[in-house]
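Remarks on the structure that follows.
The values are calculated or read from the model by the stated rules, or taken from the named source; none is laboratory data. The structure presented is a predicted model; accordingly, all values stated were derived computationally and were not measured. Positions of Cβ are generated from backbone atoms using ideal geometry, with glycine treated the same way; all protein chains shown enter the neighbour counts.
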Amino acid sequence: MKPVHVVEGTGVPLNRSDVDTDQIIPSDWLKRVERTGFGRGLFSEWRDDTTFVLNDPNYASASILVAGPRFGTGSSREHAVWALMDYGFTAVVAPSFGDIFKNNSSKQGLLTVEIDEVDVTSLMNIISENPNTLITIDVANATIEIAALGWSRHFELSRNTRERLLNGWDDIGLTLRHESEITTFESHHDLEALSLRGIFDAGGHVVHYDQS
Amino acid sequence: MAGVTLFEKIWKSHVVASNDDALTTLYVDLHLVHEVTSPQAFDGLRLNGRRVRRPDRTLATADHNVPTDALTAPIADPISRRQLEVLNENCQEFGITLFPRGHENQGIVHVIGPELGVSQPGMVIVCGDSHTSTHGAFGALAFGIGTSEVEHVLATQTVPQSKPRTMAVTLTGSAPAGVTAKDLVLGIIGRLGTGGGAGYVMEYRGPAISQLSMEGRMTLCNMSIEAGARAGLVGVDETTIDYLRGKPGVPQGPAFDEIAEKWRRLISDDDAVFDHEVVIDASQLVPLLTWGTNPAQVAEVSGVVPEPRDDADRRSLTYMQLTPGVRFSDIPVDVVFIGSCTNSRIEDLRAAADVAAGHHVAANVRALVVPGSHRVKKQAESEGLDLIFREAGFEWREPGCSMCLGMNPDQLSPGQRSASTSNRNFEGRQGRGGLTHLVSPAVAAATALAGTFALPKDAS
Ligand code: SF4
């Protein structure tokens, strides 16, 4: 993951609640085994509608998506994050997010900015009136602001997520630095929690007498 | 000192390391893998020269893409075919047990874990799939993860997690006859809303839960994610133990009794304190369906399309092509789908077959029954359920996710209306432009016979 310090750009208002990951990237796109090229699938069912906000030329260069409550609920598909980023989004601002979506975003460096619904609404109004409004999101200070209007809000960002974003850390690498702790944990835990060892043969068939 | 919740017991016994602030490195006992959310994770391992740390704690199956018609027919869609091939190659390369299409143990990932007895009480279970919450029915902490996390678990057998809060959802009283686990969970989500469980692990408890079979508990835990919860849980009791006894993945004979003794302790203490509590009187619940495009938009099967309360409701009504005030029993249905990880287990098929027996699917309806796994299919066939369905005009198909989502050939056409036992009624979920109503297996079967939304005869 590339480090993320400050994200700056114009916003596009997606005034809908419960935008689930099935809408962000419809399932037809999930058959691909690559990680790139999902931008074309972003909101693909909605993009057929010429009045859909992403089709509005005023927002053609927007890189910050501003949406209603519960953005990214539903399926765990990380493809939703890949699609948003591949399309050119660097941040999503909403009153709340789906849990897994938020996790997935933090792994890829897509900022999820959670602010009060009234603030999201006023932000939507501002960018609806003037699509060229420049929005700045600062990771180190956990702020989102429109300098030209003197509008600024703080958002919650755990220290851990902030550090990971600022440093572009690879989670797996971080965990493997503590590999000895995992090994120690396993040495007693393996006695408690059964594994699959001995249940299936190489062909995946049940080895022992199966009474069920 | 206050008692300890079941969640807390499982969490505590899986902490490998606590980082400075919010994240805990949690050990994973069982990692379930399927073809959709894993290819990019395996690729990541290869790129970094990493191996799978514990192939003996990793199990893979093909489910989302598999066609459900004859097993001998080739997979027509080259991209689906490729994704399944890539799963085969990856499992081969990394030494992971895989149940490919047609294998005797193959099925929907959340059906096979429990039925093989590999999803066990006290475990931390993850899968790159949000409905992993299903396995919480066994008193396990089970939750969905994204592809980056799948890679993380493959490489380290751990997952970094922020600690969720706990919510007790207590169902008092007894569910009236004809009210199934699906109705209970739709009722719960209808009350809590799609965000009501956000940040929580929900533990279902109370008399109405104790009375539920394991299949019913799985249906309930399965849909916890639709209320926004990280996971759903039910404490271990004799129903849990009886279900697991004799399953391939558990110890057999006296060794089982020994481990069962440990499992019995996996309940919340009587005086445990939850961060939030919700009490619902199950005796007040009725058979429900969803009318909108999120699972909290529920109504009574015997009622009418509700008036919209806000813009989101109005949008849903427009998409669903519905008018408030119209009786559901007057709304024709094109497709009935009985299947998915919510309702494709043997008990679900029995409930549907009970309703279907001796009747016939209405002329305007295409009705599909898709068992959750080959084991379920075999069991159903040994009970003659396939014959009941076939004679009643239902299609009896091969296992897979099928029409739960539009990744395989079973899909709705634009404008087609379905009664579906699956878990998501999102726009286009079952195929572009499809109109999905979530229902229980019994209501699905009754609807197939009536041609419009209907309750089973003995319940109406
Ligand atoms: S049946 Fe549906 S919800 Fe369940 S795993 Fe398959 S696609 Fe996901």
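What to note about this one:
- Selection status of B:SER329, within 14 Å of chain A (Cβ to nearest Cβ), away from the ligand (no atom under 16 Å from the Cβ) and more than 18 Å from the chain's Cα centre (by Cα): no
- Among residues of the stretch B:235-254 that are touching a residue at least 60 places away in the same chain (Cβ under 8 Å), those with a beta-carbon under 9 Å from a residue that is of a type in the set (Lys, Arg) at least six positions away or on a different chain give the pairs B:GLY235/B:ARG205; B:VAL236/B:ARG264; B:VAL236/B:ARG265; B:THR240/B:ARG217; B:THR240/B:ARG264.
- Close Cβ contacts (under 7 Å, 6 or more residues apart or on different chains) running from residues in the stretch A:152-179 that are within 8 Å of chain B (Cβ to nearest Cβ) to residues that are basic (Lys, Arg) comprise A:ASP171/A:LYS107.
- Summed over the stretch B:414-439, the residues that are in a loop (DSSP other than H, G, I, E, B), of a type outside the set (Phe, Trp, Tyr), in contact (Cβ under 8 Å) with a residue 60 or more places away in the chain and within 14 Å of the ligand (Cβ to nearest atom) give a count of 6.
- Total residues in the stretch B:260-279, condition outside any loop (DSSP other than H, G, I, E, B), surrounded by 18 or more Cβ atoms within 10 Å (Cβ to Cβ) and either touching a Phe, Trp or Tyr at 6+ places or on another chain (Cβ under 8 Å) or within 14 Å of chain A (Cβ to nearest Cβ) (or both): 2
- Looking only at the stretch B:382-404, and only at residues there that are closer than 24 Å to B:PHE328 by Cβ and aliphatic (A, V, I, L, M), the one that is nearest to the ligand (Cβ to nearest atom): B:MET403
- When the criteria are applied in full, B:GLN411 fails the requirement of being in contact (Cβ under 8 Å) with a residue 60 or more places away in the chain, within 16 Å of the ligand (Cβ to nearest atom), in a loop (DSSP other than H, G, I, E, B) and within 20 Å of A:LEU30 (Cα to Cα).
- When residues of the stretch B:201-212 are limited to those that are more than 21 Å from A:PHE101 (Cβ to Cβ) and not small (Gly, Ala, Ser), the one farthest from the ligand (Cβ to nearest atom): B:PRO207
- Against the list (1) within 16 Å of the ligand (Cβ to nearest atom); (2) away from every other protein chain (no Cβ under 14 Å), the condition B:ASN294 fails is (2).
- Note on the stretch A:105-156: among residues that are among the polar types (S, T, N, Q) and part of a loop (DSSP other than H, G, I, E, B), the one that is surrounded by the most Cβ atoms within 10 Å (Cβ to Cβ) is A:THR133.
- Strands (runs of 3 or more DSSP E) wholly inside the stretch B:1-54 containing at least 2 residues that are of a type in the set (Gly, Ala, Ser): B:15-18
- Across the stretch B:339-351, the number of residues qualifying as closer than 17 Å to B:GLY178 by Cα and either within 14 Å of another protein chain (Cβ to nearest Cβ) or within 16 Å of the ligand (Cβ to nearest atom) (or both) comes to 3.
- Every residue from the stretch B:176-203 that is among the small types (Gly, Ala, Ser), within 20 Å of B:ARG345 (Cβ to Cβ) and buried (at least 24 other Cβ atoms within 10 Å of the Cβ): B:ALA181
- Residue check for B:GLU215: more than 16 Å from the ligand (Cβ to nearest atom), of a type in the set (D, E, K, R) and modelled with pLDDT of 95 or more: no
- Qualifying residue in the stretch A:197-212 (condition: at the interface with chain B (Cβ under 9 Å from one of its Cβ atoms), surrounded by 15 or more Cβ atoms within 10 Å (Cβ to Cβ) and part of a helix (DSSP H, G or I)): no
- Tallying residues that are within 22 Å of the chain's Cα centre (by Cα), more than 18 Å from B:ILE75 (Cβ to Cβ) and buried (at least 23 other Cβ atoms within 10 Å of the Cβ) within the stretch B:381-403 yields 1.
- Some residue of the stretch A:45-58 being surrounded by 18 or more Cβ atoms within 10 Å (Cβ to Cβ), in a loop (DSSP other than H, G, I, E, B) and in contact (Cβ under 8 Å) with a residue 24 or more places away in the chain: no
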